[in-house]
Amino acid sequence: MNVAVIGAGAAGTSAAMNLALGGHKVVVFEQFERGHTRGSSHGTSRITRHTYADPYYCSLAVEANREWFELERLAGEQIFVPCGLLAFGDPNSDWLKSAIAGLVQWEVPHEHLDARQTLERFGIRLDAGEVSVFEPGAGMLRSSLILRLNEAIAAEHGAVFLYETPATLSDDGRVNGEAFDAVVICAGAWSGMFAHLPTVPTIQHFAYFAASIEAPVPCWVEATPDHFYGFGDYGRGFKIGLHRYGPRFTPESDPELDPAVLDEIGRVAVRRLGARLPQLEAFTCLYTTAPNEDFVLVQVPNHVPVYLISACSGHGFKFSAWFGRLARRLIEGEVSPSDFPRFSPK
Ligand SMILES: Cc1cc2nc3c(=O)[nH]c(=O)nc-3n(C[C@H](O)[C@H](O)[C@H](O)COP(=O)(O)OP(=O)(O)OC[C@H]3O[C@@H](n4cnc5c(N)ncnc54)[C@H](O)[C@@H]3O)c2cc1C
């Protein structure tokens, strides 16, 4: 089939790779230049974990991780750094209790540590009375490398990537006037251009800090409503971000750093890592937030099959390879969006 993919982020490049590996003729339309930083997939690192308060995502992560090992096999490169994930906070927090219940339910190896053990082993500072759970099988995905590898493998199998080429879709299945047998839309924060969706784009922040920690720092997340999260130092300093949804953002405008949010992140960097201020670098990034922090998968009415996939809500990167394979299964008629009611917008 001749398939158009709109968007060359984590989901779009993975869809293109899987479709090209399946022998389909693929053209990818991306409105910005290769490696742009205006969407949701830029930056060097993303967390992958099974530690989820929602057991549905804990189980989905079991499947999704298999796709990353398949990409490593195909590419002959390490894309997953198994540094583990530390989740910590008040032992009575519902999030931490549900996450632990999910790890137990899906038999995911994990350890419980108190504040002293956490500091000694991982260099992360907990308040008195806080506890942590360590998931050794979690870790860091090398996100920018993954996008490059998805594209390289897709191109090796005939896919064409058109950068700086904004795409419009007409009712007869034409993209920019060119006819296709099917279309896969992976437009992230711009998905609302193609379908009426309950998603809201928001501005998010992350920054890098200098700190003197000998211990191997894993990926980490606070079990609090804000969910500050972080990574070890891979040469740019310790990366810390804030999962709490930021202000609404219109994708057409230029995102600006908010000093108040950077101050908040800086305070956590000092509290948890003993980091030095100010931050070394700071960046914005877009979330596409859906109700219930779920993902979005819909069929868009059109003359040809059109599927819209949004691995979103600030936790979709780890599932982007799984969605990439799903794009091929949808196009080949093996499954349909109704098989995934969780992703049907409410
Ligand atoms: C700061 C931050 C930290 C995160 N941390 C994690 C994490 O640790 N773990 C995790 O699993 N997830 C994480 N996420 C979420 C994850 O990065 C996203 O869910 C994922 O990258 C979404 O990928 P995407 O391909 O759907 O969107 P995008 O990467 O935004 O791709 C959409 C692309 O479509 C293009 N496009 C849109 N409209 C058009 C058009 N009309 N024509 C052509 N091109 C178009 C856009 O330019 C864009 O490149 C994080 C996100 C952010 C912002």
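The values are calculated or read from the model by the stated rules, or taken from the named source; none is laboratory data. Here the structure is a predicted model, which means the values were calculated and not measured. Positions of Cβ are backbone-derived with ideal geometry, glycine not excepted, and every protein chain shown enters the neighbour counts. Heads up: the accessible areas ignore ligands, DNA and RNA and are worked out on the full protein's heavy atoms, side chains in. Shrake-Rupley method; radii C 1.70, N 1.55, O 1.52, S 1.80 Å.
Residue 272 - would you say it is surrounded by fewer than 18 Cβ atoms within 10 Å (Cβ to Cβ) and modelled with pLDDT of 95 or more?
Details: surrounded by fewer than 18 Cβ atoms within 10 Å (Cβ to Cβ): no; modelled with pLDDT of 95 or more: yes.
Judged against the criteria, residue 272 is not a match.
Checked against the criteria, residue 170 counts as more than 25 Å from the chain's Cα centre (by Cα) and either open to solvent by less than 50 Å² (accessible area, probe 1.4 Å) or farther than 28 Å from residue 71 by Cβ (or both). Take residue 338 and decide whether it is in the same structural domain as residue 211 (by TED's automatic domain parsing) and of a type in the set (S, T, N, Q). Answer is no for this residue. Just one residue in the set 102, 89 is in the same structural domain as residue 257 (by TED's automatic domain parsing), at positive phi and more than 14 Å from the chain's Cα centre (by Cα); that residue is 89.
Scanning segment 243-269 for residues being open to solvent by 60 Å² or more (accessible area, probe 1.4 Å) and under 24 Å from residue 218 (Cα atoms) gives a total of 4.
State which residue is farthest from residue 119 (Cα to Cα) when the search covers only segment 256-269 and only residues that are outside any helix (DSSP H, G or I) and away from the ligand (no atom under 13 Å from the Cβ). Walk me through how you get there before you give the answer.
Initially, segment 256-269 is screened for residues outside any helix (DSSP H, G or I), giving 256-258.
Add one more test, that the residue is away from the ligand (no atom under 13 Å from the Cβ), and what stays is 256, 258.
Numbers: 256: 35, 258: 31 Å.
Here the answer is 256.
Output the residue which, of all residues in segment 1-46 that are in a strand (DSSP E or B) and surrounded by fewer than 23 Cβ atoms within 10 Å (Cβ to Cβ), is nearest to the ligand (Cβ to nearest atom). Among them, the one singled out is 46.
Across segment 228-242, the number of residues qualifying as touching a strand residue (DSSP E or B) at 6+ places or on another chain (Cβ under 6 Å), in a loop (DSSP other than H, G, I, E, B) and either open to solvent by 20 Å² or more (accessible area, probe 1.4 Å) or farther than 12 Å from residue 275 by Cα (or both) comes to 1.
Among the residues of segment 139-148, is there at least one that is in contact with a helix residue (DSSP H, G or I) (Cβ under 7 Å, 6 or more places away or on another chain), under 30 Å from residue 217 (Cα atoms), within 16 Å of the ligand (Cβ to nearest atom) and open to solvent by 20 Å² or more (accessible area, probe 1.4 Å)? So far as segment 139-148 goes, yes, one or more of its residues are in contact with a helix residue (DSSP H, G or I) (Cβ under 7 Å, 6 or more places away or on another chain), under 30 Å from residue 217 (Cα atoms), within 16 Å of the ligand (Cβ to nearest atom) and open to solvent by 20 Å² or more (accessible area, probe 1.4 Å). The residue that is nearest to the chain's Cα centre (by Cα), counting only those in segment 173-202 that are small (Gly, Ala, Ser) and surrounded by fewer than 21 Cβ atoms within 10 Å (Cβ to Cβ), is 192. Selection over segment 47-63 of residues that are within 11 Å of the ligand (Cβ to nearest atom) and at pLDDT below 95 gives a count of 0.
Check segment 143-161 and report whether any residue there is touching a Lys or Arg at 6+ places or on another chain (Cβ under 8 Å), outside any helix (DSSP H, G or I) and on the phi > 0 side of the Ramachandran plot. Yes, because at least one residue in segment 143-161 is touching a Lys or Arg at 6+ places or on another chain (Cβ under 8 Å), outside any helix (DSSP H, G or I) and on the phi > 0 side of the Ramachandran plot. For residue 165, the conditions (1) assigned by TED's automatic domain parsing to the domain that holds residue 269; (2) of a type in the set (Ser, Thr, Tyr); (3) in a loop (DSSP other than H, G, I, E, B) are fulfilled apart from (1).
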